[in-house]
Amino acid sequence: MISGGVRKILALSAAVGAIAVPQGAALADTLQEALTDAYLNNPTLEAARAQLRAVDAGVPLERAAGLPSVDGTATYTEVLKQNSTSFFAPGRSLTAGVDLGVPIYSGGAVKNAVRSAKERVDAGRADLRATESAIFSQVVAAYMDVLRGQALVALSTNQVNVLSINVDATSDRFEIGDLTRTDVAQSQARLAVAQGDLRSAQANLIAARETYIALVGDAPNELAPPPPLPGFPEDVSTAVDIALESNPDLIAARERAAAAGYDIDVAGSGRLPRVSVFAGYDYQNFLGSVADGRLDPTDPDSPIVPSDQTAAGASMGVSLRLPIFQGGRTAALQRQAQARASAALENVIAAERDVIAQVRASWSSWQASLAIIESSQSAVSAAELSLEGVRAENSIGNRTILDVLNAEQELLQSRVQLVTARRNAYVAGFSLLAAMGRAEARDLGLADEGVLYDPVVNYDRVSGNIFDWARDPDPVAQSPRTVDVPAATAEIPETADSAD
């Protein structure tokens, strides 16, 4: 349920996007398109997917230790000089063999190592979700920064134009003796300040556009206003509860703690016996290098017996390895694993604290920005009326030029505050969603675009692969470069509103 107060806040958030609205918004780039492009083209996100694929390989790597192994050997030997006492020794030989080993019991090392690897896969998937959320938060901030920058450039340009007219009008009135040189100087000073503010706003807009290019991979064109943010919980406590269940950073920390618990058992298994079954087959061929010999070498009339040039044998058995003394290695490994598990448990508490702080801070910032939007809208309306009145009173001599300049400055400041508050409210609201674990591809409608990356596909592909010669294609960069994207400028769409 969403309370009446929150409904009011959500209604305000629907107006947050009205920072710089092109008249042809239907043809403008949308926030959804920017998020999709970043999802497909951002190198940080692509690297996170590759890192998860590396983590996936840990499961078959650990499982391999519990599977049978087959080794083949071959040796060719050529005797360069025979020993003088070796009458029937071969001059050359070829030996070959095949050995099969099947582990039966390893003290639970393989079982727990596989469990640990699977927990780390789950942690890696949570890390990927966190990276998605972080990239999307940055894209949203960059998108809103461009909109704010365009609005501030438009406001600053308008202010320069207004003050330029004021300077001309003040100079004309000075020429006829209606105003003093002080009035002219005040107008000129305000114009110079406005021109400096315009240059600063233009530089900030260029920086915002370059940040957008770095994140999305393409230049922002005309940007449409962002859509309203989805519904929020009715209070911050509910938001915290959702975050404690869904925040990917916290989930990853918990999975790593579980994996570290299995690592303790893996380390302790070094004390336990190892049992395996083995079998082998050996073949030997002297390659005709052993001469035929008499049955009785001392009797020249003894019959000649042909030599056996080949030999073969097979064996099998059970092997037991029982550790008795290892110099304290196993105990040290287990203590090390326990310490790391303790650190992992503390990291869970640290992640939980961070999540709670993020949710509460984002909630506070979001509500404060919405309140500032409401007050700024009132301030803009009042400042517009004030400026209109001061100008009218100045025309009959009841107000000075400085009063007019101050009224114009107050109106500009109110409009800038409104534009900034709209940007801050949207970014803070999205940050709150991210902290709650609700700002990922699956939550933002990217599934409708058919571009979602499914990490389970790669896991299923590699987890059961036991072929030693399997190999993936050589890696190549997937993300496009931006060196060919033209440098950003401070130009703004001619149809852009000034965010009144």
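The values are calculated or read from the model by the stated rules, or taken from the named source; none is laboratory data. Treat the numbers as computed from the prediction; the structure is a model and nothing was measured. We place every Cβ from the backbone using ideal geometry, glycine too, and count neighbours over all the protein chains shown. Note: areas computed on protein heavy atoms with side chains; ligands, DNA, RNA excluded. Shrake-Rupley method; radii C 1.70, N 1.55, O 1.52, S 1.80 Å.
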Determine ³J(HN,Hα), in whole Hz, for all residues of the stretch 409-425 in sequence, where each value follows from phi through the Karplus function 6.51 cos²θ - 1.76 cosθ + 1.60 and θ = phi - 60°; x replaces Gly and Pro. 5, 5, 5, 4, 4, 5, 5, 4, 5, 5, 4, 5, 5, 5, 4, 5, 5
With the label point 7 Å along the Cα-to-beta-carbon line of residue 173 and a cut-off under 17 Å to each amide N, the hits in the stretch 400-436 are 400-409
Given labels modelled 7 Å from the Cα in the Cβ direction, how far is it in nm from residue 346 to residue 214? 3.4
Round to the nearest 0.05 the FRET efficiency obtained for residue 312 and residue 64 when R0 = 41 Å and r is the Cβ-Cβ distance. 0.85
FRET efficiency for residue 353 and residue 54 from the Cβ-Cβ distance with R0 = 25 Å, rounded to 0.05, comes out at 0.30
Quick calc, residue 487 & residue 462: beta-carbon distance into FRET formula, R0 35 Å, rounding 0.05, result 0.25
Ranked from the most accessible area to the least, with a 1.4 Å probe and all protein chains present, what is the order of 283, 76, 105? 76, 105, 283
Can you tell me the orientation of helix 329-395 relative to the chain, as the angle in degrees between its alpha-carbon axis and the longest Cα principal axis, to the nearest 10? 20
Multiplying the sequence separation of residue 477 and residue 324 by 0.36 nm and subtracting their Cα-Cα distance, what value in nm do you get? 50.0 nm
Per-residue HN-Hα couplings for the stretch 243-253, Karplus 6.51 cos²θ - 1.76 cosθ + 1.60 at θ = phi - 60°, whole Hz, x for Gly and Pro? 5, 5, 9, 10, 5, x, 5, 5, 4, 4, 5
What ranking of 388, 374, 408 comes out by heavy-atom accessible area, probe 1.4 Å, highest first? 388, 374, 408
Estimated distance in nm for a label pair at residue 275 and residue 158, the labels positioned 7 Å out from Cα along Cα-to-Cβ: 8.4
